[in-house]
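Visitor: Before I ask anything, let me first share the structure, which is written out below as structure tokens.
Derivation of every value follows stated rules applied to the coordinates shown; laboratory data play no part. Predicted model, so just to flag it, every value in this text is computed and none were measured. All Cβ positions, even for glycine, are placed from backbone atoms using ideal geometry, and neighbour counts span all protein chains on display.
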Amino acid sequence: LSLPIGPEPANVSHQSGGVPAFAIPTPNSNPDEIRPGPDGNLWFTETGANQLARITPAGVITEIPIPTPSSGPSGFVTGPDGKLWVAEANANQIGRFSPIPTVGPITAPLAPVAVNTAINVSAPFTDANLGTTDTAVWNWGDNSTSAGTVTETSGSGTVTGSHSYAVDGVYTVTLTVTNNLGGSGQSVFQYVVVYNPSAGFVTGGGGITSPAGAYAANPSLTGQANFGLNAKYKSGATVPTGNTDFQFPAANLTFQSTSYDWLVITTNQAQYQGSGTINGAGNYGFLVTAQDNGGGSTSDKLRLKIWDKNNNNAVVYDTQPGAANTAAPTTALGGGRIQVHTNAQLVAGGANASGGNVAPLTAEELQPVVQEAIARWEAAGIDATQVSALSQVTVGIAAFSGPWLGMAFPGAIWIDQTAAGYGWYLDPSPAGDSAFPAAPGSPAYGTVDLLTVVEHELGHELGFEDTTGDGLMGVFLPTGVRRVPAPDQVSVNTPDEGFVPPASSPPLATLPARGAVVGSDVLAALLETPLDKGGAVATVALGPSAEAPVPPSLAPVLLMVENNRGDLTAATSSGQQEANLVWALDAVFASEQDNLLPELG
Ligand SMILES: [Zn+2]
């Protein structure tokens with residue numbers, strides 16, 4: 001019988017009886033003690049060669065000279081610190097050696113950094129002090145790694161690195177230092193927050209059933225809780241703006257945000273962090289993770305975590321206690337809606353799950369469509385500067401998972417490879433629109449018009465924001481439909497900060513007081529009047545009325561509106577503040593629209 005065995009190191013011989021023996025590379029090394037080391041290998045002293053040596057379970061021996069000449073290493077042991085303590089008999093000293101690098105805390109930016117901005121990180125380490133050399137690898141948490149720059153003398157040193165993130169997110173950075181003995185140590189930094197001020201914004205309002213375990217002071221407590229939220233980077237700002245309100249009546253807990261630190265938007269998820277108060281007092285940190293799954297209500301998910309900054313950051317409330325801050329939200333809404341607004345266009349009805357055989361879009365197919373899209377905008381009346389800006393936009397092809405057809409970032413647009421599984425309609429005569437609306441059986445039928453999506457994303461580059469309607473800037477595009485820039489779109493190029501109230505605007509009315517009764521007439525006026533960029537908020541009558549009670553799910557929203565009272569009353573003297581309020585109201589009521597009408601009957 002012969003058993004298969006793996007390859008043996010070259011230093012293996014077989015003693016009588018078949019017991020392997022492992023030859024030591026240095027002749028007459030006079031091995032003394034052999035013991036398990038902290039790294040899973042056996043270590044031994046070579047008294048005659050003034051060396052420490054390591055032998056792996058496979059028999060591979062690595063010898064390391066001891067720095068003090070002729071020290072006479074003999075007995076040794078792994079100490080409680082995980083290091084090797086060696087009696088150096090001839091040198092009258094005890095040596096202490098670490099076969100595994102110990103990596104200290106990583107220094108990285110604590111403040112959020114913008115996408116495509118280089119960050120510098122560093123960490124100290126100590127190693128064997130045995131003439132070992134170290135290499136280091138940074139894992140940036142975005143599926144990329146890079147070698148660290150190692151500076152070391154006498155077994156300790158520093159690793160530095162630099163990275164820029166192309167996509168916003170919340171990242172864990174891991175540093176691994178490995179020495180030439182194969183021992184490695186790690187250090188982890190949580191979190192590098194990377195934001196994209198142009199990525200979009202989030203709005204939401206509604207309710208959840210607060211899960212058991214969420215309220216730390218009484219973990220068994222459950223019950224209805226309501227929330228209203230919005231968050232957005234205003235143009236040029238490095239911290240986001242918005243309000244977050246949360247009420248959990250069973251716990252007598254009312255949380256109100258006072259400031260935001262950062263906001264990160266991914267395709268359908270928003271995460272942001274800030275500070276606030278509970279029941280009007282204290283200094284609390286909070287983290288919101290909001291997921292927009294498109295269908296509204298129960299498919300949207302929320303996480304809220306609140307901690308007490310005045311009490312060692314003890315967690316006060318968390319719908320996912322113990323989960324990492326980067327965990328996806330798991331608490332489904334019981335009512336209401338979360339909307340993650342991105343500069344993206346989505347296919348109406350969701351991605352085509354069975355559309356696996358669609359030929360991917362090529363750059364050669366895309367290029368002439370981009371030219372036609374710019375020509376269409378030019379025909380609609382944009383000026384020469386705008387035409388020039390569009391011609392410098394980078395156009396790329398991406399593989400989005402989900403219903404995303406295209407996405408715009410400053411200076412760049414991305415078009416999905418397969419039109420969310422439906423396939424792109426490549427118009428053989430793009431200057432005409434005769435193929436639309438697409439009749440059943442025609443080539444454009446059931447596919448997505450590439451020209452429309454490119455025009456839409458270029459519209460974002462011109463400064464237009466998404467709309468809810470059927471126009472070119474509509475968020476949702478059905479298959480078989482073409483939309484084109486309209487001449488009246490070219491003059492509405494006013495992002496938030498550019499909004500200036502018309503000179504003829506009447507003064508703004510007062511908002512309802514907190515807890516006040518709001519009439520359906522007021523709400524109807526709000527809902528029917530687009531509180532859009534350039535929309536006439538001044539024509540909307542906001543005032544208390546006694547016709548209908550405030551629906552419970554609207555209470556946090558009204559609270560949020562009230563938080564903007566200062567902005568509103570000062571609005572006539574400040575275009576900036578009015579723009580802020582327009583945005584806040586727009587966001588709140590856009591998110592509540594679906595819920596309010598049925599509730600008000
Ligand atoms: Zn869009």
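Visitor: In what sequence, highest mean first, do 133-140, 69-76 appear when ranked by Cβ atoms within 10 angstrom?
Guide: Top of the packing list down: 133-140, 69-76.
Visitor: Please compute the length gained on full extension between residue 28 and residue 357, using 0.36 nm multiplied by the number of residues separating them and subtracting their Cα-Cα distance.
Guide: 111.5 nm
Visitor: What length, rounded to one decimal in nm, is gained on full extension from residue 429 through to residue 172, with 0.36 nm per residue of separation minus their alpha-carbon distance?
Guide: 87.6 nm
Visitor: Here's a follow-up. Give me the Å³ per residue figure for the convex hull around the C-alpha atoms of segment 79-189.
Guide: 103
Visitor: Another question, then. For residue 163, list long-range residues whose amide hydrogen, built 1.01 Å from N in the peptide plane, is under 5 Å from its own amide hydrogen.
Guide: When sequence neighbours closer than 5 places are left aside, the close amide H contacts are 119.
Visitor: Rounded to the nearest 0.05, what FRET efficiency do residue 164 and residue 365 give with R0 = 25 Å and r taken as the Cβ-Cβ distance? Could you check?
Guide: The computed FRET efficiency comes out at 0.20.
Visitor: Something else about it: Taking loop as defined by DSSP and a crowding limit of 15 other beta carbons within 10 Å, which GluC sites (Glu not before Pro) in segment 279-382 fit?
Guide: Taking segment 279-382 and a limit of 15 other Cβ atoms within 10 Å, no loop GluC sites (Glu not before Pro) are found.
Visitor: Could you sort the peptides 327-333, 259-265 by per-residue average Cβ neighbour count (10 Å cutoff), highest mean leading?
Guide: 259-265, 327-333
Visitor: Of the peptides 211-217, 57-63, how do they stack up when ordered by the mean number of other Cβ atoms within 10 Å, highest first?
Guide: Listed from highest to lowest mean packing, they are 211-217, 57-63.
Visitor: Can you compute the modelled spin-label distance between residue 323 and residue 133, with each label point 7 Å from Cα toward Cβ, in nm?
Guide: Simple spin-label model gives 4.7 nm for this pair.
Visitor: Give me 153, 277 ranked fewest to most by other Cβ atoms within 10 Å of their Cβ, as a rough exposure proxy.
Guide: Ranked by crowding around the Cβ, least crowded first: 153, 277.
Visitor: Tell me, 433, 416, 245 in order of fewest to most beta-carbon neighbours within 10 Å?
Guide: Values: 433 14, 416 29, 245 22.
Starting with the residue having the fewest Cβ neighbours, the order is 433, 245, 416.
Visitor: For segment 123-186 and segment 225-247, what is the separation of their C-alpha centers, rounded to whole Å?
Guide: Cα centroid of segment 123-186 versus Cα centroid of segment 225-247: 37 Å apart.
Visitor: Still on this model: Going by how many other Cβ atoms sit within 10 Å of their own, how do 456, 163 line up, fewest first?
Guide: 163, 456
Visitor: Next up: With all pairs of different alpha carbon atoms counted, what Kirkwood hydrodynamic radius in Å does segment 62-110 show?
Guide: Final number for the Kirkwood radius of segment 62-110 is 12.6 Å.
Visitor: Per the Kirkwood formula on distinct C-alpha pairs, the Rh of segment 125-192 is how many angstrom?
Guide: Roughly 12.6 Å, rounded to one decimal.
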